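Asks: I'd like to ask you about the structure that follows.
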Amino acid sequence: MNARLRCCLKRWKLVLFIAFSACELAFAVHRYPQLLGLRQDIKEYRKLKREAALGKLPPVGPLSFSEESSAAWDFKADPAFGLSRWSGGRWSAPGFTKPIDLAQEFLRRHSQELLMVDAASLQLRREYSEAGVRVVELEQLVGGVPVLGSYVRLSIDESINLINLESKLYVGGTHDISPVLPLLKASEHALVAVKEHAAHAGGDSSSYTVNGIMSLGEYVIVAEGGGLVNMYRFVVPMLAPLSGYLELLVNANSGSIDSIKNIATIPSQ
C-alpha cells in the first residue's frame, strides 16, 4: 500500500511540475513576446546552416561575428541571384575613425566566412553618402578581372558602426580568365553593331572608328547561368542628334554581341 501511495505521489509531483513549468513559460512569453521571435530565429538560423552546408545558400555568419556585434543581425539570401544581406545589427572596432578603414577591417576579418570570398578579391569601387550614412562599395575580382554587376556595400553610420551589409557575388569554382579574341577583334564586332544602331536611330554612324571604339573597351567577367563568361564591355557615347550612351557586351571567346542597350549616363562599372 505504501509503495502504491509513493508511486501516486511521484506521478502527481511530475504532473504539478509540468503544469507549473507550462504556466511559467506562458507568463514569460506573455511578458516577453520576443522570446517567440528568438525561438523562430534560432530555428531559421539552423535551417540556413543546413542549406548552406548543402550549397543552397551562402554561409550563415559564424558566432564570432555575432559575438563582436552589439545587436543581433537579420540575415537574408537569394541564392538564385547570388544575393545576401545582413541588417539590423551594429558592428564596430576600436581605433577606426574612417568608414573605409572600418569596412576594410570588417572584410579582412569576415569576408571569407560571411561572403565566401577572400578580402583580397574585393577592390574599392566608390564611397558615397546615402540617407545619412556612408556607403563603401567594392567590386569582386576573379584573377584580377572585375565581375560585372558584382558588389559588396557596407553602410556605416556617423559613429563609425557598420549597420548594413549587402552583396552580390560569384562564389563558384576556378575560371580561366584568358580571352580567345584580342581587344582589337572584339572592337571590330562592336563597331559594326554601333554603326548599325546609330544608322537605324537616325544618328551619325560615319564618325566611329575601330581605334575609337577600342579605346572605350574593357575586359570584364559576367556571371551567367551559374558560371562565368569572358566579355569585352564598351560604353560608347552617341553622337548628335542622338544622346546618351550605348553599352555593348562582346563575348571574348566567340565575338558575338551578348547584349546592347541604351543608357542615359555612364554607370559606376
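Derivation of every value follows stated rules applied to the coordinates shown; laboratory data play no part. What you see is a predicted model, and the numbers here were worked out from it, not measured in a lab. Please note: Cβ atoms are built from the backbone with ideal geometry, for glycine as well, and neighbour counts cover all protein chains shown.
Asks: Within the set of other residues whose C-beta is less than 15 Å from the C-beta of residue 104, count the net charge using Lys and Arg as +1 and Asp and Glu as -1.
Replies: That works out to +1.
Asks: Quick one: if you stick a label point 7 Å off each Cα along the C-beta vector at residue 68 and residue 101, how many nm between them?
Replies: Reported label-point gap for residue 68 and residue 101 is 1.6 nm.
Asks: Find how much the distance from residue 243 to residue 176 grows on full extension, using 0.36 nm per residue of separation minus their present alpha carbon separation; answer in nm with one decimal.
Replies: 20.4 nm
Asks: Residue 13: which aspartates and glutamates have alpha carbons under 19 Å from its alpha carbon, excluding same-chain residues fewer than 8 sequence positions away?
Replies: 24
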